[in-house]
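Report on the following structure.
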Amino acid sequence: MPLDLSLQTPDEALLVLFANGDEAAARALTLRLTPRVMAHAFRLLGNRAEAEDVTQEAMLKLWRVAAEWRQGEAKVTTWLYRVVANLCTDRLRRSGRTAALEDAGDPVDETQSAAETMQNRSRADALQDALTLLPERQRQAVVLRHIEELSNPEIADIMDLSVEAVESLIARGKRALSAGLQARKDELGYSK
């Protein structure tokens, strides 16, 4: 009888099942984690093609460590976010650049008018532009907290920092984003 790999099955259990040869567990975990990993990589890099490469590399690293995974030490998602952040940091340092935005695009929501779509795209582009100007660790903390919606303790685990340091990075990052976007408030359609 096939094992039920519902959404209730924890990531760690799926990883152990994969390590024991269960291909269905690998498929379930891949379908669950790949979109999150891709989104995180894209937000850190600002380049879809590079984010896809990082996603593939991070998932391959996960499959390689599956047999040695020690349950209870870290959540699979925490481990993956850390790997993605490190891979993105390596890419940004090697290239000596900040993230490019040419490939950034939002899916078109057919319920919106053209003006709303353009305004939302401008807002997303402005946010991505402002994010790329933040120091690397501030950007990572802000993205994990306010876009990925992780808790400060989870972020502390991912970034290998204290919760207080994470809170400080997030606060400084938010202030810098606010200051950077303040001049564009009217252009982006935000009332005073």
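The values are calculated or read from the model by the stated rules, or taken from the named source; none is laboratory data. All values reported here derive from a predicted model rather than from experimental measurement. A quick note on method: Cβ atoms are made from the backbone with ideal geometry, for glycine too, and the neighbour counts reach across all protein chains shown.
From Leu44, Leu92, Leu80, grab the single residue that is surrounded by 15 or more Cβ atoms within 10 Å (Cβ to Cβ), touching a Cys at 6+ places or on another chain (Cβ under 6 Å) and either in a helix (DSSP H, G or I) or modelled with pLDDT of 85 or more (or both).
So the residue among Leu44, Leu92, Leu80 that is surrounded by 15 or more Cβ atoms within 10 Å (Cβ to Cβ), touching a Cys at 6+ places or on another chain (Cβ under 6 Å) and either in a helix (DSSP H, G or I) or modelled with pLDDT of 85 or more (or both) is Leu44.
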Test: Met59 is free of Cβ contacts under 8 Å to residues at least 40 places away in the same chain, within 15 Å of Leu144 (Cα to Cα) and aliphatic (A, V, I, L, M)
no
Within region 47-75, track down each residue that is at pLDDT below 85 and within 14 Å of the chain's Cα centre (by Cα).
none
Give all pairs with beta carbons closer than 7 Å in which a residue from region 153-171 that is of a type in the set (S, T, N, Q) meets a residue that is in a loop (DSSP other than H, G, I, E, B); count only pairs at least 6 apart in sequence or on separate chains.
none
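Of all residues in region 135-170, count the ones that are over 22 Å from Phe42 (Cα atoms) and among the aliphatic types (A, V, I, L, M). Lay out the reasoning, then the answer.
Keep residues of region 135-170 that are over 22 Å from Phe42 (Cα atoms), which gives 153, 161-165, 167-168.
With the extra rule that they be among the aliphatic types (A, V, I, L, M), the set shrinks to 161, 163, 165.
Result for region 135-170: 3.
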Test Ala85 against the criterion of being small (Gly, Ala, Ser), within 26 Å of Leu131 (Cβ to Cβ) and either buried (at least 22 other Cβ atoms within 10 Å of the Cβ) or in contact with a Phe, Trp or Tyr (Cβ under 7 Å, 6 or more places away or on another chain) (or both), and give yes or no.
yes
Please give the helices (runs of 4 or more DSSP H) falling wholly within region 124-192 in which 3 or more residues are under 13 Å from the mean Cα position of the chain (by Cα) and farther than 22 Å from Glu73 by Cα.
136-142
